[in-house]
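The values are calculated or read from the model by the stated rules, or taken from the named source; none is laboratory data. This one's a predicted model, so the numbers in the text were calculated from it and none came from an experiment. Quick reminder, even Gly has a Cβ in these numbers, built from the backbone with ideal geometry, and neighbours come from all protein chains shown. SASA here: full protein model, heavy atoms, side chains in, ligands and nucleic acids out. Shrake-Rupley method; radii C 1.70, N 1.55, O 1.52, S 1.80 Å.
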Amino acid sequence: MFNKSLTKVALRYRALFLDVRRDEVDMTSAITAPVAAFVRRLAENGFGVSEQLLHALNAVTADELAHITACVNEVMGVDLNWAPLVKGWQVPTGETLADHLVTLLANIFGEEAGFRGETLPCGHLIPEGTFALERYNGCPFCGTPFVTAHYTYKGQGSKLKELRLFVIDDLQQVFRSLLTSPVPLDESQKDSLSLLAGQFDVPQDVEVPMRETAMIVVRELVRRGKSGEAARWMRTPTDILRYLWYEKTGKVQIIEPKTLIAHAARVNRHMWQPADRSVDVAAEKKMELRLKYDRSQCRTVARWMNGLQMTALQAVENMNPKRGMWVRMIHALRLGEYSQKEGFDFLAKVLDLFYKQEYTTWQGRVDKARLANDPDMMLRLLKERPGLFARCLFATMLRLGSERVLKAFDEVADNVPARLLLSLSNAAETYFDPKSTRIAKPITGIPKVIPANKLLTLYSEEERKAMVKGVENIFGESMSRRFAAAKTASTTIYIDPALYQIPIGVGDRSSTIQDTSCALMGTRFAVEGDAVRLFLQWGKGLPAQHLDMDLSCRVYFHNKAEDCAYYHLTCTGAKHSGDIQHIPDMVGTAEYIELSLPELEQAKAEMVAFVCNAYSNGALSPNLVVGWMSSEYPMKVSNKDGVAYDPSCVQHMVRISESNLSKGLIFGILEVQKREIVWLEMPFTGQTQRDMSHDGMMAVLRRLEEKMTIGQLLEAKASAQQLTIIDDKDEADERYTYEWALNPAEVSALLNI
């Protein structure tokens with residue numbers, strides 16, 4: 001039977017889900033006519049099928065094939081409106097700023113002032129001698145489209161992405177790998193987990209190491225009326241607070257109300273003062289975050305709190321960092337009332353301690369030791385909590401001296417999650433270089449450029465390099481011990497060469513959803529021809545309204561930069577399809593930019609940044625799709641309505657999730673001389689690409705380049721476990737292919753040691 005949720009998840013792993021048994025697939029079966037037609041439809045969308053999948057499709061009914069085709073078309077956006085503002089936009093319209101100024105005057109003073117021209121359906125008068133209206137699908141002045149197109153080009157792509165067969169066991173394995181991931185899930189993984197949690201029960205033998213992941217499971221259980229079963233995931237008061245705030249805000253991180261309110265105000269500021277809604281939106285957000293729970297919800301939380309397997313002192317210490325939020329929650333959930341009921345004795349003790357504040361916290365003791373200049377006590381306390389020790393390791397090294405701090409940290413390094421050790425190793429070189437630009441990603445997801453630690457100036461260059469080497473040595477030695485302790489019967493290992501180009505995705509959680517792949521941040525895509533075509537589609541399912549999203553790019557040369565955007569439709573090597581400011585009813589609209597590699601190379605361009613922005617108030621529109629196309633063969637542009645989208649040419653695309661808080665997004669970097677595109681995701685706050693930080697972008701690129709790759713980590717595993725690396729995939733005992741790396745949770749499992 002066709003299952004849309006399972007089909008969507010399988011597509012993210014370059015597979016098709018079929019309700020069949022893998023061992024019953026007849027590899028000698030003749031291909032039926034419906035299957036042949038189905039394969040042709042897949043090819044039009046840029047997909048091929050493996051031999052096993054091809055034969056498995058013979059066991060599927062024609063109706064099911066039709067459902068799968070519709071699902072693939074939906075994911076690839078085939079049925080959306082892909083008509084831009086300009087017809088045949090590869091030939092510039094020649095519009096100028098003067099055209100806009102004359103049109104503005106004509107609409108202010110009208111025909112009475114002598115202006116003659118054509119009045120468009122939007123009501124604007126376009127004077128004679130300004131815009132060439134025969135070139136536009138809508139109003140060139142206000143960006144309102146009048147034409148929609150429900151077709152796309154098909155089959156122009158020069159490469160097909162092979163789909164594998166997924167059966168129910170494969171998806172259950174994906175479900176298990178997501179649950180057990182030792183690193184936080186990105187937005188695509190969280191969405192996949194939510195879809196799978198609605199189809200499968202959580203295995204009883206599965207431990208979920210990440211509390212954020214557990215919250216997704218808890219929400220699904222509560223929605224099914226199984227709040228009692230969800231109690232097994234509620235181990236601390238912070239877990240309970242995380243779940244409550246996840247239900248309220250849709251974010252699995254605990255973002256305090258003041259932060260959400262300030263961010264809402266920031267993304268609703270507008271450069272044109274009459275359009276600025278920052279004050280009103282902040283007030284609306286404050287009202288939205290008001291807490292209100294019914295009796296059933298209050299009773300559930302009271303039982304969770306009362307059933308915690310910890311002492312009351314441990315519970316209140318856990319609550320203390322978010323004390324202000326807990327005061328509001330306790331009142332809204334009527335926990336004081338429930339604490340007086342029979343059987344809620346533990347809850348009563350917790351609230352009594354919480355309000356009397358007759359307790360000390362671990363962090364308070366650490367701060368006291370630091371202020372008292374007592375390094376021995378400080379290091380003794382830090383060793384009690386290795387994970388927190390790791391998070392403040394660099395600053396502590398500068399404050400207390402690297403030798404004694406690294407010696408203390410090495411004693412507990414094997415108790416630190418491997419993902420934290422890897423993050424430290426990746427970040428050490430940049431942190432201890434006072435000239436490097438550092439990037440911090442706050443909880444709202446907007447990266448910030450932060451200055452170097454001022455204590456770095458106390459140390460010489462040789463001492464700083466020794467600090468970096470010390471951190472890297474601890475990581476390498478600890479990982480070797482962990483891999484060696486993980487016994488294996490294997491003697492040989494195959495490592496796909498492509499894995500040496502893909503950084504391990506730790507510390508770079510994506511806030512967008514990938515519906516056709518699971519590429520890790522930093523993945524490089526080779527440009528297949530002489531053109532790269534960026535696309536932006538937004539507004540699906542929304543009524544006609546002013547909703548201005550912008551696609552743009554910035555071309556960097558040795559000593560200058562040029563923009564291709566709504567205010568500058570052509571620049572060296574780039575052409576824009578026109579600025580749309582209003583969306584048509586329900587079907588959305590599109591913008592494109594075409595980059596010419598020969599022109600960029602001839603002009604000695606170094607790189608091109610791909611950018612999208614919300615010019616309108618608020619963040620990027622939910623379900624906005626952005627990406628790029630590339631093909632060895634020339635890609636068409638319609639002279640009739642400007643449609644230029646072909647799903648078979650799509651190299652990478654992402655979808656903005658509803659929980660995304662960013663106003664702008666850098667989604668790729670074209671390195672011109674290498675003819676490679678680096679996928680990255682760098683959110684920023686600003687109405688145009690001029691608000692993005694070049695230093696921040698370069699810092700992100702540098703950090704990705706400095707990260708350990710999947711191939712390097714597998715080499716370390718092979719060395720520690722004395723495995724021989726061989727080139728023959730079929731002969732190897734352990735096989736690590738590019739297809740395996742499409743599941744980031746499986747890659748992250750290498751760190752679950």
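Details
- If you go through the stretch 98-142 and keep only what is within 29 Å of Asn81 (Cα to Cα), over 41 Å from the mean Cα position of the chain (by Cα) and charged (D, E, K, R), you end up with just Glu118.
- Asn107 touching a strand residue (DSSP E or B) at 6+ places or on another chain (Cβ under 8 Å) and under 30 Å from Arg533 (Cα atoms): no
- Residue check, Val301 closer than 17 Å to Ile240 by Cβ and open to solvent by less than 50 Å² (accessible area, probe 1.4 Å): yes
- Check on Ala614, under 22 Å from Phe557 (Cβ atoms), in contact with a Ser or Thr (Cβ under 8 Å, 6 or more places away or on another chain) and buried (at least 21 other Cβ atoms within 10 Å of the Cβ): no
- If only residues of the stretch 385-429 that are over 25 Å from Ile439 (Cβ atoms) and of a type in the set (D, E, K, R) are counted, the one that is surrounded by the most Cβ atoms within 10 Å (Cβ to Cβ) is Asp414.
- Any hit, the stretch 531-543, residues being open to solvent by 20 Å² or more (accessible area, probe 1.4 Å), over 16 Å from the mean Cα position of the chain (by Cα) and free of Cβ contacts under 8 Å to residues at least 12 places away in the same chain: no
- For the criterion of being open to solvent by less than 20 Å² (accessible area, probe 1.4 Å) and not in a helix (DSSP H, G or I), Ala83 passes.
- Flag if Thr709 is open to solvent by 10 Å² or more (accessible area, probe 1.4 Å) and either without any contact (Cβ under 8 Å) to a residue 24 or more places away in the chain or touching an Asp or Glu at 6+ places or on another chain (Cβ under 8 Å) (or both): no
- Qualifying residue in the stretch 114-130 (condition: open to solvent by 50 Å² or more (accessible area, probe 1.4 Å), without any contact (Cβ under 8 Å) to a residue 40 or more places away in the chain, acidic (Asp, Glu) and part of a helix (DSSP H, G or I)): no
- Every residue from the stretch 12-34 that is surrounded by fewer than 22 Cβ atoms within 10 Å (Cβ to Cβ) and outside any loop (DSSP other than H, G, I, E, B): Arg22, Asp23, Glu24, Ala33, Pro34
- Meets criteria (modelled with pLDDT of 90 or more, over 20 Å from the mean Cα position of the chain (by Cα) and over 30 Å from Val49 (Cα atoms)) for Val167: no
- Filtered residues of the stretch 726-736 (kept if closer than 21 Å to Glu162 by Cα and either in contact with a helix residue (DSSP H, G or I) (Cβ under 7 Å, 6 or more places away or on another chain) or surrounded by 19 or more Cβ atoms within 10 Å (Cβ to Cβ) (or both)): Arg735, Tyr736
- Flag if Lys4 is open to solvent by 70 Å² or more (accessible area, probe 1.4 Å) and closer than 23 Å to Leu624 by Cα: yes
- Among the residues of the stretch 42-64, the one identified as open to solvent by 10 Å² or more (accessible area, probe 1.4 Å) and touching a Pro at 6+ places or on another chain (Cβ under 6 Å) is Ala62.
- Qualifying residues in the stretch 550-590 (those that are touching a Gly at 6+ places or on another chain (Cβ under 7 Å) and part of a strand (DSSP E or B)) - the one most open to solvent (accessible area, probe 1.4 Å): His582
- Pick from the stretch 242-266, criterion open to solvent by less than 10 Å² (accessible area, probe 1.4 Å) and in contact with a Ser or Thr (Cβ under 7 Å, 6 or more places away or on another chain), ranking: modelled with the lowest pLDDT: His263
- Pairs with Cβ under 9 Å, 6+ apart, first in the stretch 330-344 and of a type in the set (Ser, Thr, Tyr), second surrounded by fewer than 13 Cβ atoms within 10 Å (Cβ to Cβ): Ser339/Asp345
- Residue match in the stretch 491-503 (condition: open to solvent by 30 Å² or more (accessible area, probe 1.4 Å), over 21 Å from His652 (Cα atoms), in contact (Cβ under 8 Å) with a residue 60 or more places away in the chain and among the polar types (S, T, N, Q)): yes
- Tally of residues being surrounded by fewer than 23 Cβ atoms within 10 Å (Cβ to Cβ) and in a loop (DSSP other than H, G, I, E, B) across the stretch 173-183: 2
- Scan of the stretch 384-403 for residues that are more than 28 Å from the chain's Cα centre (by Cα) and under 15 Å from Lys469 (Cα atoms), ordered by number: Met397, Leu398, Gly401, Ser402, Glu403
- Looking only at the stretch 148-172, residues that are surrounded by 17 or more Cβ atoms within 10 Å (Cβ to Cβ), part of a loop (DSSP other than H, G, I, E, B) and out of contact with any Pro (no Cβ under 9 Å at 6 or more places or on another chain) come to 2 in all.
- Members of the stretch 528-546 found to be among the aliphatic types (A, V, I, L, M) and modelled with pLDDT of 95 or more, listed by number: Ala531, Val532, Leu534, Leu536
- Within the stretch 225-244, the set of residues being without any contact (Cβ under 8 Å) to a residue 12 or more places away in the chain and over 14 Å from Asn306 (Cα atoms) comprises Gly225, Lys226, Glu229.
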